[in-house]
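Each value in this text was obtained by applying a stated rule to the coordinates, not by laboratory testing. Quick caveat, the model's predicted, so the values are computed rather than measured. Backbone-built Cβ (ideal geometry, glycine too); neighbour counts: all protein chains shown.
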Amino acid sequence: MINRKAIGYITANYTSREHSVLLDSRPLASIPFMGRYRLIDFPLSNLANAGIKTVGLVMPGNWRSIMDHVGHGKDWGLDRKKGGLFPLPGNPYGATKQGMRFLLRDIISSKSLFERSDKPYVVLMGTNIIFNLDLNAVIDAHEKSGVGITMVYVHAERNQEDAMSLEIGDAGRVKGFHQGCHYGDNKFLDCVVINRDLLLQIIDQYSSADYLDLFEAIRPDFERIDVCSYEYKGLAMGFFNEETYFRRSMELLDPTTANKLFMRERPILTKAHDAPPAKYFSGAVVCNSRVSAGCEIKGTVRNSIIARGVTVEAGANVVNSIIMQSCVIKTGAHVENAILDKSNVVAANTELSGTPDDILVVGKAALK
Amino acid sequence: MINRKAIGYITANYTSREHSVLLDSRPLASIPFMGRYRLIDFPLSNLANAGIKTVGLVMPGNWRSIMDHVGHGKDWGLDRKKGGLFPLPGNPYGATKQGMRFLLRDIISSKSLFERSDKPYVVLMGTNIIFNLDLNAVIDAHEKSGVGITMVYVHAERNQEDAMSLEIGDAGRVKGFHQGCHYGDNKFLDCVVINRDLLLQIIDQYSSADYLDLFEAIRPDFERIDVCSYEYKGLAMGFFNEETYFRRSMELLDPTTANKLFMRERPILTKAHDAPPAKYFSGAVVCNSRVSAGCEIKGTVRNSIIARGVTVEAGANVVNSIIMQSCVIKTGAHVENAILDKSNVVAANTELSGTPDDILVVGKAALK
Amino acid sequence: MSKKECIAMLLAGGQGSRLGALTSKIAKPAVSFGGKYRIIDFTLSNCANSGIDTVGVLTQYRPYRLHAYLGSGSAWDLDERGGGVSILPPYATQDGGAWYAGTADAVTQNLDYIKTHDPKYVLILSGDALYRMDYREMLHTHISNDADLTVAVMPVPWEDASRFGILTADDEGRITKFTEKPEKPDSNLASMGIYIFTADFLIKTLEEDALDQRSSHDFGGDIIPKALADGKRLFVHKFEGFWKDVGTIASYHETSMDLLGPNPYFDLYDYKTPIMSNDTTRPPHYIGPDGKVDDCLVSNGCEILGTARHSVLSTDCVIGERAIVEDSVLLPGAVIKAGAHICRAIIGENAVVEEGVKLGSVDTTKDTAVVGNDVVIGKGE
Amino acid sequence: MSKKECIAMLLAGGQGSRLGALTSKIAKPAVSFGGKYRIIDFTLSNCANSGIDTVGVLTQYRPYRLHAYLGSGSAWDLDERGGGVSILPPYATQDGGAWYAGTADAVTQNLDYIKTHDPKYVLILSGDALYRMDYREMLHTHISNDADLTVAVMPVPWEDASRFGILTADDEGRITKFTEKPEKPDSNLASMGIYIFTADFLIKTLEEDALDQRSSHDFGGDIIPKALADGKRLFVHKFEGFWKDVGTIASYHETSMDLLGPNPYFDLYDYKTPIMSNDTTRPPHYIGPDGKVDDCLVSNGCEILGTARHSVLSTDCVIGERAIVEDSVLLPGAVIKAGAHICRAIIGENAVVEEGVKLGSVDTTKDTAVVGNDVVIGKGE
């Protein structure tokens, strides 16, 4: 199915306020997730599952890992003769201010993408709040309501100062927004449907405020523009720092939770690899864990997420941890309450542990 | 055929020393050429025709037009599961020094590309000297000679201060090189076969000189490294400024010359478009010209190169000019000794002329 | 797989024997047309431009070059996950193999393909005509009428009506009669061989037809008359644009000429609904110092040193010095050597007309001259 | 097109009737194997890993799912310009259509395909065995011997030799005798059904064979004996690695088990020659709090709440709480519900074993239990 109403626009240059070694080698958009995914897979899959065939992808300065992962968009049906995936140079320093996801300057320099389209709507998405949404339902609601912008939100189930909350009035109209989010607030998902004509007008009229986020810039004109809201009732997860990354990942161990994100009718698509099925040897003990293709498991794994191509040797223990691609946990080693970035080798009979409240994070290939 | 011996590495961040409006909106690597090509097509096609399936592509800061053109390399058989086209962030300011094509810093930051390969050789290429070469013959000669590096050159047929000359001694050994090139010199084609192991050694050993061109850095060690040369006997053309761009393009009007570059057994591949065949109306007069698909010709065209989607209205005259994509030459207009960048509209009954010695160059969409 | 609104089944199995030398080693849908296209491009582009992303192509006759040309369908942006272009040749089952016996039989044998995609509607197409059509409009007609079957029709001159399959419809467009080549037509609405079926009805009808020993398993000959007799809801969808079959040498030539001129019957330059093709990469064409090109379509890779008038020149054609090409179609790679003169001719792929040869005639009462693919025509031949 | 060193013709037309319920609606090469693979993946990966970029796949039996799986060949990096995977079904010509009558006939009918690519050598393969082979080594043998035809052979135990096609060769490896299932074998070199022909010889031989009324058009039965009788240069290429046909239920089961253990007969984890496949995107599998997995291959998308021992679990399988799966193969989407117990069984795609059902036996003298695709096995069945 080819979407005849909308094109997509993803800003992949959001930067976490907090430092993390996980972000030394990559932007947040390409952080590995759930064994085989990266965060960028989610906005791309939401757009792909809605049949959207033209997507602008605003790149941070350190774009290499994103480009390696998404390529020309083939895995999301975006390797097209007409349309397709358009990487766009974004602000190299990212959208660093609190809550900034759609830097107006980036949108302005992407103007030709919007001009060339013949579709009436543009779907704007960020990369650090993930969900699995029927975008066509949002587009239909937007079309029906006749407004200029529809902002998608979810009922907040926890406090999160890095998220943004919408103030919603009569008939779902958005009256304003504020930084930070408490339980019960209308948490903005960084997902927007906007009329393409309106976006082009904004590009022309607000160019003097190009250092602002799109919504900051147009805030005084919310009334005139007619901004409406759409409530998403599914599972949404925001990733803002190491803690949220670890907690949200662990929540997805539960299949009931995971099935709200990974459903066959709207699959989360990602780069294809040729890893063989995971291999369990005699003596392996694995429980309440997710294990990816290409893993060789001889030891013990509990309450953990094991990415592609990890080896857990006999007598090794992995507990309550996230182990990224190509790590090796040697015989007798013990890893607990930890995140190991790609390509770490934990030496035999060593212990590597954080605490449940203070997760140990080891950067890419730090241990060899 | 899949090349089992080599991977490719193209530096697309060469910058002309001279300013040109043609380079305002793009790097030299993506300058439109001969109606439907861009310079980057030539190194990509040389590699593709040798069956090379892994290519690193070093990007300048303003990479958007290159990315739009090459995409994920599908048109060059580089949209692969294993290998493929790898865009790499290069020095954003380009390799601006005279003669610099292979900035060591860029090579160093591409190290993982070379490490991951299992092929013995790497073919390094620039983008501003074009030719159509059987690279497998060079690789075979390199392999047979047992040297560390083979540099490809051509017998220079004109002076060119921006090119580099090789000093060649016994048995084709390269003794040194110097900037600038005179008739009869051995003009370096910015095309090199290098042992992958050696390249990795250089990356490790010369990292303190990373601000230099690869060849400047290793110049003192030419003897030890064993650098050999390979003579290319076909047609090569260097593009360094507006003048060379115009002259070399015009030389390719002659089919005998053009056939040395565009041959069916080693086609120059480029991005596919769906333009219909050029349409000539009654009354059109066209001679000694190349006309691209999607053109509508009602007027007169002489000694010119007309790119895709250009309209020459009735009574309009185009003489001794290069007209890029989507220009419109209105009724009665006269264009002579000019280069019109994309999307210019020459108003009816106006004249737009340079002289044979001072070509008029009009930037992208400057006339509307 | 997910439920689809509408998929297309494209009947591309015919030999196209009326195209003679042009189809001796190649299926008709793969024959070159319009300079850089192949005949099937027009139907596939219509599908893509109508947002239909799942097309089963039923092949049977010498399909290799057609298969190679279709590839993954990416040239038409028809390489969808869970859709795209699928090649559906005849196949064997536990009970042995069966060739496609008729147009309906070809679809019957691929009901599994249709069921896999589970569409609401099925569009039946053939790949041998030149036209631009938004199938969504026809689907809209079908849905509005709550029809079982909708047939695309076009008005033809009354005097020609007896050469067509003619549909008679009431004021609401409901079909009351279908007559193949009626002697005394009571309607001038000719069937274009384009059908939309509601999928459930199609499946049921074809399964019944398969069991009918007397049926020749043809849509026009069997399925439509039966559905009419059964009182099903059959409607016409009127098409007012340009449509022409390119199935004979005469119509192939005439339709090629229809692409030319300031207001062509079929405009390749209508960018709203572009015609897509699986093109080769060749450089822009070259017109020599003494070249003359007037009222022509000229493709990439051509080299024109002589004169071309009112002709279609496909990719990589060569017209030598002093050679003249008029009212003709040169297929890809055709070479007209110096001083030759061809007129009202179709020159096959990579065919060569040697120096000084004269071929064809301006006399339109005579047949169009045809030179088969790869043939060399020397003097005195 | 340019001259190629070597192209492959992959015979994938067989029904695979000995795989019973597993091939009722699907061609044998498309049957799931090894968790995330299909049988044809192994041969295609061998081609890709051997640098052969042009593979004609000859299909005949229910090819749709095979065609859909092959797609453009990009999953195996076999989507080359001027090459790649081409699907070659039976087709019709001016003289009508013809089904592939034998292995040789299938290739004969596609000689045009071979001629188009103009290779020096043609590799003939079938897509129904599990092995890793670098065809370049075999090609090297062929070229070194200046052979007309080279046959890949492997040594089998002498007591089994009478079950195979046995080749007798002299000290230089030149074939002196070919006997199908000899009672008293004088060699233990069994043909693997893998041939390299010098292209000219292949074309000439097949063109002659096509005219031979008495021939059954089979490589083993007709072409090799004839070439031997004609004194052609036939050589063996000895293969020492693991090779096993997966054409029967018993061999399918046994070969699946060969993938398991610390030193498997066939190692999917040999990354130097990776096995490629056209995979679906599913999340990593989940092992529940009480899940037990011992000596297994487990694919993406599985959910294992019970126990799996010495088994192959394909994509999206489910093992419910307290269910036990032993010495078995679960095909993609198979569901073993809570408390069920299966042993030495093959459970088809999307088949369901209901709660508490017991199936199969540890007794290896009994047949492997098979549940067909989409079948639901309830209690008492």
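Worth pointing out:
- Spin-label pair C:Ser162/B:Asn136, simplified geometry with 7 Å Cα→Cβ offset, distance in nm: 6.5 nm
- For the range A:218-267 versus the range D:323-360, the gap between their alpha-carbon centres in whole angstrom: 36 Å
- Computed from the C-beta positions of D:Ala229 and D:Ser17, the FRET efficiency with R₀ = 41 Å rounds to 0.80.
- P(r) tail for chain C: Cα pairs beyond 30 Å make up 42% of the total.
- Choice from A:Arg80, A:Arg38, A:Arg290 showing the highest fluctuation, given a GNM over chain A with Cα pairs closer than 10 Å: A:Arg80
- For the range A:264-368, the percent of C-alpha pairs falling in each 10 Å distance bin, counted from 0 to the bin holding the largest distance, reads 17, 50, 26, 7, 0.
- Counting DSSP beta bridges with both ends in the range C:135-260, the antiparallel % (nearest 5): 75 percent
- Annotation: amide H of D:Glu303 within the under-5 Å range of D:Tyr286, D:Cys317, D:Val318, D:Ile319, sequence separation 5 or more or interchain, hydrogens built in the peptide plane.
- Residues listed by number, the range B:288-318, amide nitrogen under 16 Å from B:His273 label point at 7 Å toward C-beta: B:290-297, B:305-312
- DSSP loop trypsin sites (Lys or Arg not before Pro) with at most 14 other Cβ within 10 Å excluded, longest remaining stretch of chain C: C:4-213
- With the simple spin-label model, which puts each label point 7 Å out from Cα in the Cβ direction, the D:Thr365 to D:Asp146 separation comes to 5.8 nm.
- Taking the axis that rotates chain A onto chain B, the chain A residue nearest to it by Cβ, with the distance rounded to whole Å, is A:His72, 1.
- With Cα atoms defining each centre, the range A:151-167 and the range C:1-67 are spaced 52 Å apart in the structure.
- Between the amide H of C:Thr54 and those of C:Ala8, C:Gly84, distances stay under 5 Å, these residues lying 5 or more places away or on another chain, with hydrogens modeled in the peptide plane.
- In this calculation the C-beta distance from A:Arg158 to A:Ser353 is compared with R0 = 22 Å, giving a FRET efficiency of 0.25.
- DSSP-defined beta bridges in the range B:1-157 - what % are antiparallel, rounded to 5: 10 percent
- Between copies, the label points of A:Gly146, set 7 Å from Cα on the Cα→Cβ line, lie 8.5 nm apart, reported in increasing order to one decimal in nanometres.
- For B:Ala314, label point 7 Å along C-beta direction: distances to other copies, nm: 9.0
- Listed residues B:Gly283, C:Phe266, C:Ala227: farthest to the positive end of the dipole of the protein assembly as shown (Cβ charges): B:Gly283
- Along chain B, the longest continuous region that contains none of the chymotrypsin sites (Phe, Trp or Tyr not before Pro) in a DSSP loop with at most 13 other C-beta atoms within 10 Å is B:212-368.
- Here the range A:123-236 is treated as a Stokes sphere of Kirkwood radius computed over C-alpha pairs; at 4 °C and 1.567 mPa s its diffusion coefficient rounds to 90 µm²/s.
- Note on D:Phe242 and D:Ser24: their simple-model spin labels are 3.1 nm apart, each label 7 Å out from Cα toward Cβ.
- Cβ neighbours within 10 Å from other chains - mean over D:288-294: 6
- Over the protein assembly as shown, volume per residue of the alpha carbon convex hull, in Å³: 208 Å³
- Per residue, the convex hull spanned by the Cα atoms of chain B amounts to 126 cubic angstrom.
- Inter-chain Cβ neighbour average for residues D:19-26, partner chain, 10 Å: 1
- Averaged over the residues of peptide C:63-74, the number of Cβ atoms from other protein chains lying within 10 Å of each residue's Cβ is 5.
- Alpha-carbon Rg with Dmax, taken over the range D:222-319, Å: 19.8, 68
- Cβ-vector label at 7 Å, C:Thr93, separations to other copies in nm: 2.9
- The length gained on full extension between C:Asn350 and C:Thr273, counted as 0.36 nm times the residue separation minus their Cα-Cα distance, comes to 24.7 nm.
- Cβ-Cβ FRET estimate between B:Ile108 and A:Leu367, R0 fixed at 30 Å, reported to 0.05: 0.80
- Cross-link pairs exceeding 24 Å in C-alpha to C-alpha distance, out of A:Lys330/A:Lys364; B:Lys364/C:Lys292; B:Lys81/D:Lys120, comprise B:Lys364/C:Lys292; B:Lys81/D:Lys120.
- The coefficient of translational diffusion for the range B:320-368, derived via Stokes-Einstein from the alpha carbon Kirkwood radius under 4 °C and 1.567 mPa s, stands at 125 µm²/s.
- Fraction of antiparallel bridges per DSSP, the protein assembly as shown only, in percent to nearest 5: 35 percent
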